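Everything below concerns the one structure shown next.
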């Protein structure tokens, strides 16, 4: 019942622009700005950029200190695509929330999409990201919109999904100067605040796959992101520095590699096997990773996951 009333109130608020009770949307070109957050995603970054190059009118890449070769791959991609509007921005001295807001307010187009270096879009077929572009371009330019997208959540290797199967977030919205990202204690990363007069649309196509398939080192280090984000980065320049001061408490070992293995094992019960009946076919750009996967979960004779190919 509460959700019903919330929906009614939001619909009433959505009339505000037409009634001129709020300022009209900023007169920006009717295109799409992608704010692309990156940190150590060398496995996926080239495919990720390739999947949205025909979708975006500009791509603002904010890097928070990649050290694994990601930046070199991005630079090569930019050099190989001189006609694309791509900017690589140094965000090493910004917190994650600050980075989001910095990129958001540097965008220049009507639509803003949040993107990460481990997301890969469909580039053809019924779920092509270009169909999302066509949909956005056709929406009423006098109104404000927030677009919720659902996405399959690949986990640990390309042949498994997280047990939650589908993620659901507001990834796309029209620009408005008061929109901002903020954090709270319940989430590792960010929340997006938008004014109540935005119309919320939820799309059911799976335009994008999230490839949450990291090295065991990246998986462990990433679990300390919130803690690292609050620390002095001069004292703790990398996520690994934070991991090393915590592994004895969290994993009863001072050996970093052992902690990485133990951390990964804790996720083995959180996976289900990939099913095209549930989430459809893989994006075409993921096909090379299926024939030569970066990692693969290994089962024993009883069908229990016992390890992954990197340990």
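The values are calculated or read from the model by the stated rules, or taken from the named source; none is laboratory data. All figures in this text were calculated on a predicted structure; none of them were measured in a lab. Cβ: placed from backbone, ideal geometry, glycine included. Neighbour counts: every protein chain shown.
Brief remarks follow.
- Residue match in segment 268-279 (condition: in a loop (DSSP other than H, G, I, E, B) and over 30 Å from residue 128 (Cα atoms)): no
- Condition check for residue 264: in a helix (DSSP H, G or I), in contact with a strand residue (DSSP E or B) (Cβ under 9 Å, 6 or more places away or on another chain) and surrounded by 14 or more Cβ atoms within 10 Å (Cβ to Cβ): yes
- For residue 98, the criteria (1) part of a strand (DSSP E or B); (2) within 18 Å of the chain's Cα centre (by Cα) hold in every case but one, which is (1).
- Test result for residue 133, modelled with pLDDT of 95 or more, in contact with a helix residue (DSSP H, G or I) (Cβ under 8 Å, 6 or more places away or on another chain) and crowded, with 16+ Cβ neighbours inside 10 Å: no
- Scanning segment 115-162 for residues that are part of a strand (DSSP E or B) and more than 23 Å from residue 212 (Cα to Cα) gives 145, 146.
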